[in-house]
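Peer 1: Please see the structure below; I have some questions.
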Ligand code: NAP
């Protein structure tokens, strides 16, 4: 995995379990490369081209930086404008994005069909993971409203999805009641700030709203706790983390990933 910093990543445990479950020998290593170290990035990609490294995950701050160094992007990575998985296909270095399908697969796994009506989603935040979430939801037929503290950042995201209907709302004037799904893509509530929530204290959700918080550390965020206290279904992002890792593993190895073993490694 390329990123910076990479101190607390769960990915080595998840992928080590995936390799072991399929009887494969291998290591999942962390390559901390600073944002300025363009040569470090190129050198690592050269090792992938040479077959010395089988594949890479990419995280902050390199998800966009690597794009110009790829031979091809998958359609998903192209529209989202971010790469989180790299592999070789027919002598070409391919940049892919498994965050979007990973989010959608986990959303479908954890949600039940009752919340699908009226099929409107509110996405909080407009950064890297918001792009993947918005893309996944729009392609799945959701009406999406994007709420961000910086309207210009939200507008940029909207502009890059020009073929879709997407609303923008100010973070401070959220229309909670029309949303059957609320997805938090901001880091608010992440350890060590576990008492913070992206929504104001005492927010009342509509009946049957489903809350999906991409934050997975802590395992139960304040947002999720508050939603559950109102009797709603809610989840943090560990399932998405496992699913995007499983999809990457399948691209690298051609084998089905053992999701249960991967989940157990970080339970
Ligand atoms: P990012 O690119 O930095 O985007 C974060 C977004 O949140 C930006 O729009 C940012 O706005 C906004 N934001 C940050 N602090 C805020 C605040 N106090 N109030 C309002 N908005 C705020 O980060 P990212 O890669 O999207 O990751 C976001 C979170 O998702 C992280 O906690 C990450 O661990 C998690 N994540 C989970 C998974 C998973 O598999 N479960 C995958 C990816 C990411 P500004 O630009 O104005 O700061």
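Peer 1: In whole percent, what relative contact order does segment 68-109 give with Cα contacts below 8 Å and a gap of six or more residues?
Peer 2: For segment 68-109, the relative contact order is 39 percent.
Peer 1: So how far, in whole Å, is the C-alpha centre of segment 126-152 from the one of segment 57-89?
Peer 2: 19
Peer 1: Another question about this same structure. Would you mind calculating the gained length between residue 89 and residue 38 on full extension (0.36 nm times residue separation, minus the Cα-Cα distance), in nm to one decimal?
Peer 2: Between residue 89 and residue 38, full extension yields 16.0 nm more.
Peer 1: Further, regarding this structure: Averaging sequence separations of C-alpha pairs under 8 Å and six or more residues apart, then dividing by the length of the chain, give the relative contact order as a whole percent.
Peer 2: Taking the mean separation of contacting Cα pairs over the length of the chain, I get 18 percent.
Peer 1: Let me ask another. Just to verify a number: FRET efficiency for residue 30 and residue 153, C-beta to C-beta distance, R0 = 35 Å, to 0.05?
Peer 2: The pair residue 30/residue 153 has a calculated efficiency of 0.75.
Peer 1: Under a plain spin-label model, where a point goes 7 Å from the Cα along Cα-to-Cβ, how far apart in nm are residue 191 and residue 52?
Peer 2: The modelled label-to-label distance comes out at 3.4 nm.
Peer 1: I've got another one for you. Using alpha-carbon positions, what is the distance between the centroids of segment 1-36 and segment 223-267, in Å?
Peer 2: Cα centres, segment 1-36 to segment 223-267: 16 Å.
Peer 1: What's the extension gain from residue 16 to residue 71 if we count 0.36 nm per residue and subtract their Cα-Cα distance?
Peer 2: 17.0 nm
Peer 1: Report, in deg cm²/dmol and to the nearest 500, the calculated mean residue ellipticity at 222 nm for the chain, where each DSSP H run with n ≥ 4 adds -39500 (n - 2.57) and the sum is divided by the residue count.
Peer 2: Here the helix-only value at 222 nm equals -10500 deg cm²/dmol.
Peer 1: For segment 1-115, take the convex hull of the Cα atoms, compute a quarter of its surface area, and give me that in nm², please.
Peer 2: For the Cα atoms of segment 1-115, the hull's average projected area reads 8.7 nm².
Peer 1: Can you give the relative contact order of segment 6-129 as a percent, counting alpha carbon pairs under 8 Å and 6+ residues apart?
Peer 2: On the way: 105 pairs, mean separation 20.4, N = 124.
Reported as a whole number, the value is 16 percent.
Peer 1: Report the paramagnetic label zone for residue 120: residues of segment 130-161 whose backbone N is under 11 Å from a point 7 Å from Cα along the Cα-to-Cβ axis.
Peer 2: From segment 130-161, the list is 143-145.
Taken together, the values in this text are just the output of simple stated rules run on the coordinates, not laboratory data. Remember, predicted model here, so these are calculated numbers, not experimental data. No Cβ is skipped: glycine too gets one built from the backbone with ideal geometry, and neighbour counts run over all protein chains shown.
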